[in-house]
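I have placed the structure first, in the form of structure tokens, so that the comments after it can refer back to it.
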Amino acid sequence: AYINPSNLMPKATSAAIEANITGVTVTDPDRSYPDPADVVTAINSLTAVNDITNDNYVSVGEAADAARLLYNQLNIDDRASVTNLSTLEAVEAKVAELVEANKPQATAEYTLDCSTLTSAGTGTYGDYTISDANSKFSISSSALKLGGSGSSSSEYVSITVTGTGTVTIVVNAYITATDKVATLGITQDSKDAVTQGVTTGNSTAYTFDFTISGTSTFYIYRAAGSSTGIYIDSIVTSYYAA
């Protein structure tokens, strides 16, 4: 839902700014603000924290999200009138706790921890295969650097999966040059490639998750046109009970 950015400034400030605008129509001259009492009522209607269980946390979370949206739609002048905001925060915290607790637990995990690699050459590393026929890969900053463009036929890291779960790829932007986009390519069997951009010049970790079901092979590589190398920290394949 759209939330008017002017909610974050006092009403008097918005009015003063708009009074000085000439020659154009202000975006929302007749804006109206929600009644804080409605927000208080929505929060009071939430299930008490002690009554939130595994059976109802999903629906309680949806109600809490709706109450939070109402609150966010209030102008900053009116938010102090919501005297039960701490109740909403407590409900949100309990729901988040149960969401985490109810996440499915992996029955098996297979990890390629690139910080443990001593060589980036072609070979089999546990359940993973590195194909580097053109010697474009290297170990750098405890990561596997994919230094040359690849595809599902060459210059890739692959894993064949069988079952239901996820493949999680963690990439870091270690390269010192800024404002470049390193493009990660992922191909599942013969399907069209999926690409993910990684902005360089910082140490931010980028995590990409892909759902797996049945038997297939994932190929992970530096996509053509990428302006710099891809630095892979790890790849984790997790299986869950069907």
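At-a-glance table
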item	result
Every pair of residues 6+ apart whose Cβ atoms lie under 7 Å, when the first sits in region 207-222 and is touching a residue at least 40 places away in the same chain (Cβ under 8 Å) while the second is among the acidic types (D, E) and surrounded by 16 or more Cβ atoms within 10 Å (Cβ to Cβ)	Y221/E155
Candidate set: region 44-80, residues that are touching a residue at least 60 places away in the same chain (Cβ under 8 Å) and surrounded by fewer than 17 Cβ atoms within 10 Å (Cβ to Cβ); chosen: the one farthest from A12 (Cα to Cα)	L69
All positions within region 104-118 that are among the hydrophobic types (A, V, I, L, M, F, W, C) and exposed (fewer than 13 other Cβ atoms within 10 Å of the Cβ)	A108
Residues that are loosely packed, with under 12 Cβ neighbours inside 10 Å and modelled with pLDDT under 95, drawn from region 81-103	E100, A101, N102, K103
Output for region 146-165, where each listed residue is modelled with pLDDT of 90 or more and within 18 Å of D113 (Cα to Cα)	Y156, V157, S158, I159, T160, V161
Search result, residues across region 64-83 that are among the small types (G, A, S) and either more than 23 Å from the chain's Cα centre (by Cα) or over 13 Å from V40 (Cα atoms) (or both)	A67, A80, S81
Subset of region 34-43 [among the β-branched types (V, I, T) and open to solvent by 40 Å² or more (accessible area, probe 1.4 Å)]	T41
So D127, is it surrounded by 14 or more Cβ atoms within 10 Å (Cβ to Cβ) and touching a residue at least 60 places away in the same chain (Cβ under 8 Å)	yes
Enumeration of residues in region 39-79 that are closer than 19 Å to A90 by Cα and among the charged types (D, E, K, R)	D51, D55, E62, D65, R68, R79
Filter result (open to solvent by 60 Å² or more (accessible area, probe 1.4 Å) and assigned to a strand (DSSP E or B)) within region 130-148	I139
Set T122, T87, T168: member being in contact with a strand residue (DSSP E or B) (Cβ under 7 Å, 6 or more places away or on another chain) and closer than 30 Å to Y57 by Cα	T168
Spans of strands (runs of 3 or more DSSP E) in region 172-242 with at least 2 residues modelled with pLDDT under 80	181-188, 194-199
In region 85-112, the residues that are outside any helix (DSSP H, G or I) and among the polar types (S, T, N, Q)	N102, Q105, T107, T111
Identity of the residue in region 53-80, touching a helix residue (DSSP H, G or I) at 6+ places or on another chain (Cβ under 7 Å) and of a type in the set (S, T, Y), that ends up modelled with the highest pLDDT	Y57
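The values are calculated or read from the model by the stated rules, or taken from the named source; none is laboratory data. The shown structure was predicted, so the numbers you read here are calculated from the model rather than taken from an experiment. Glycine gets a Cβ as well: all are built from the backbone with ideal geometry, and neighbour counts include every protein chain shown. Protein only, heavy atoms only, side chains kept; ligands, DNA and RNA dropped before computing areas. Shrake-Rupley method; radii C 1.70, N 1.55, O 1.52, S 1.80 Å.
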